[in-house]
Amino acid sequence: MTDPADLDIAQTTQAIASGELSPAELTAACLRRIEQLEPTIQAFVTLDGEGAREQARRLTEELSRSGPRSPLHGIPVGIKDLVDVEGLPTTASSRVLEGNVASTDAPVVAGLRAAGAVILGKTNTQEFAYGVVSAPTRNPWDVNRIPGGSSGGTAAALAAGMMLGGIGTDTAGSIRIPASLCGISGLKPRPDLVPVDGIIPLAPSLDACGPMARTVADLRVLFETLDGELRRGPDVRGLRLAVPGNPEVAGATPEAQNAVDAAVAVLVDEGLSRSEVDLEPFSEWDRPRSMPLMLEALEVHRSRGWYPQRADRYTEETLGSLRFAERLTDEKVETTRAPLAGLVENLMGVFEDADVLVLPTTQVTAPTVSESSARDDGHRTPVVRNLTRLCGPVNVCRLAAMSIPCGFDKSGLPIGLHLIGQNESSLLALGELYQLLTDWHTRRPKL
């Protein structure tokens, strides 16, 4: 019999509704998986095992009395450690916020609870979501590699079968990067659709909160709970796909680009149209898009009294980024405004004649832990620039985007398909079609 921890939300919803599986049994299966793998994967910063068992027990009793509340009734989920969960610490995985216990649930958590989800605990993030490594969490596909970030704990826990759904945040790819590197699905909604109250910000104008899961069908269930609105998808075969006329503008490895090209071919064979568009190299975005993020992050940390008052408690990487932002002059910032506006105009022009832009999610598959520590002359590590390069522009343009699995490299590491559009319904419909036609999303790491 399949371990319940290896099922997806759609499968468990059916099993729970039919009485084949109880919320208590499903939660116990996930907690067993956590007990087995957490010493290696280190996906959680706070695990509320006792609380999860009690939630599941109550939901099991309720199920027998009145049936399921929603498709999420009894589904174990993890919450990124930027998001308030009543009675649990919210530390942003940082010593700066040691002892900070949430007094109430963030609205996204309250919505999940109301739908009957079981909150397992808080998943690890890069400190204050300001990076892509998410140490000490490891990638379940190769524990010598990073899971990506900043929602790395959520992605790793999903890939390892520790939970069935999760909440992440995304400022420059923080949902999509770890989804790509860990072989799961992740949706970054447009800003303001999912409430960010009770969530520690990184850069407020760029932040978004969204769901992470193993399949796009599961993302839809989670997103409709978070968003509070049911959305009918469009006629997916009428969607117009756009790809760069020159694939080199993405700068992805041949393996990653070939996997994405093959995914597009699958969709075109189903009747979708494909056109080529002229895009500026994504490397041109690096400096201009980083300016607003750095300045907003500095303002957040100053306004909350964390920096410089608690400077000695930050990791070296976060502290270095805040100090770099302090040294930015008005003249330096001003020189990036016109280039950034031009890049935004170029990218948004894609959607005049297309519905979805298709790219690799990241230029490379999961780097090793040692590769991720390499430095050069830039103020951020090369791994940050490289992994955020294809994702960060989406946040600047206030678009929706999703990463789903579309293959593996020769080392057996997942490759992500990056779908970018002006609404979530199109992306979810397109992703569900692709996952009906392929089985990449069903592959699991050998744990």
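A few points about this structure:
- In the range 396-437, of all residues being of a type in the set (Ser, Thr, Tyr) and surrounded by fewer than 18 Cβ atoms within 10 Å (Cβ to Cβ), the one that is nearest to Arg232 (Cα to Cα) corresponds to Ser425.
- In the range 162-175, the residues that are on the phi > 0 side of the Ramachandran plot and touching a residue at least 60 places away in the same chain (Cβ under 8 Å) reach residues that are assigned to a loop (DSSP other than H, G, I, E, B) and crowded, with 24+ Cβ neighbours inside 10 Å with C-beta atoms within less than 6 angstrom, at least six apart or across chains, in these pairs: Gly173/Cys391.
- Hey, Ile9 farther than 27 Å from Val101 by Cβ, under 23 Å from the mean Cα position of the chain (by Cα) and open to solvent by less than 50 Å² (accessible area, probe 1.4 Å) or not: yes
- Selection count where residues are of a type outside the set (Gly, Ala, Ser) and either in contact (Cβ under 8 Å) with a residue 60 or more places away in the chain or assigned to a loop (DSSP other than H, G, I, E, B) (or both), scope the range 318-333: 4
- Residues of the range 187-245 satisfying the condition of being modelled with pLDDT of 95 or more, more than 21 Å from Ser403 (Cβ to Cβ) and of a type outside the set (Gly, Ala, Ser): Pro195, Asp197, Ile200, Pro201, Pro204
- Per-region count, the range 341-369, residues touching a helix residue (DSSP H, G or I) at 6+ places or on another chain (Cβ under 7 Å), open to solvent by 30 Å² or more (accessible area, probe 1.4 Å) and farther than 23 Å from Ala263 by Cβ: 1
- Within the range 29-72, the set of residues being open to solvent by less than 80 Å² (accessible area, probe 1.4 Å), farther than 23 Å from Gly153 by Cα and assigned to a helix (DSSP H, G or I) comprises Glu54, Leu59, Thr60, Glu62, Leu63.
- Flag for Glu331 being on the phi < 0 side of the Ramachandran plot, open to solvent by 10 Å² or more (accessible area, probe 1.4 Å) and touching a Leu at 6+ places or on another chain (Cβ under 7 Å): no
- If the condition is being over 20 Å from Val383 (Cβ atoms) and of a type in the set (A, V, I, L, M, F, W, C), then the range 159-183 contributes Ala160, Met162, Met163, Leu164, Ile167.
- Selection of helices (runs of 4 or more DSSP H) fully inside the range 338-447 by the criterion of at least 1 residues being among the small types (Gly, Ala, Ser) returns 369-372, 392-396, 424-437.
- Some residue of the range 284-299 being touching a helix residue (DSSP H, G or I) at 6+ places or on another chain (Cβ under 7 Å), within 17 Å of Thr91 (Cα to Cα) and open to solvent by 60 Å² or more (accessible area, probe 1.4 Å): no
- Scan of the range 207-246 for residues that are in a loop (DSSP other than H, G, I, E, B), open to solvent by 20 Å² or more (accessible area, probe 1.4 Å) and touching a residue at least 12 places away in the same chain (Cβ under 8 Å), ordered by number: Asp207, Gly228, Arg231, Arg232, Gly233, Pro234, Gly245, Asn246
- Residue in the range 300-320 that is open to solvent by 40 Å² or more (accessible area, probe 1.4 Å), in contact with an Asp or Glu (Cβ under 9 Å, 6 or more places away or on another chain) and closer than 26 Å to Ala354 by Cβ present: no
- Residues that are on the phi < 0 side of the Ramachandran plot, of a type in the set (Lys, Arg) and surrounded by fewer than 17 Cβ atoms within 10 Å (Cβ to Cβ) are absent from the range 80-91 altogether.
- If you go through the range 279-317 and pick out every residue that is basic (Lys, Arg), part of a helix (DSSP H, G or I) and farther than 29 Å from Leu340 by Cα, you end up with 1.
- Filter result (farther than 11 Å from Val85 by Cβ and surrounded by fewer than 24 Cβ atoms within 10 Å (Cβ to Cβ)) within the range 107-126: Pro107, Gly111, Ala114, Ala115, Gly116
- Failed item in (1) open to solvent by 30 Å² or more (accessible area, probe 1.4 Å); (2) out of contact with any strand residue (DSSP E or B) (no Cβ under 6 Å at 6 or more places or on another chain), with Trp440 passing the rest: (2)
- Conditions (1) closer than 30 Å to Tyr130 by Cα; (2) surrounded by 16 or more Cβ atoms within 10 Å (Cβ to Cβ): number failed by Arg95: (2)
The values are calculated or read from the model by the stated rules, or taken from the named source; none is laboratory data. Everything quoted here is computed from the prediction, not taken from an experiment. Don't worry about glycine lacking a Cβ; one is built from the backbone with ideal geometry, like all the others, and counts go over all protein chains shown. Just so you know, the surface numbers come from the protein's heavy atoms only, side chains and all, with ligands and any DNA or RNA stripped out. Shrake-Rupley method; radii C 1.70, N 1.55, O 1.52, S 1.80 Å.
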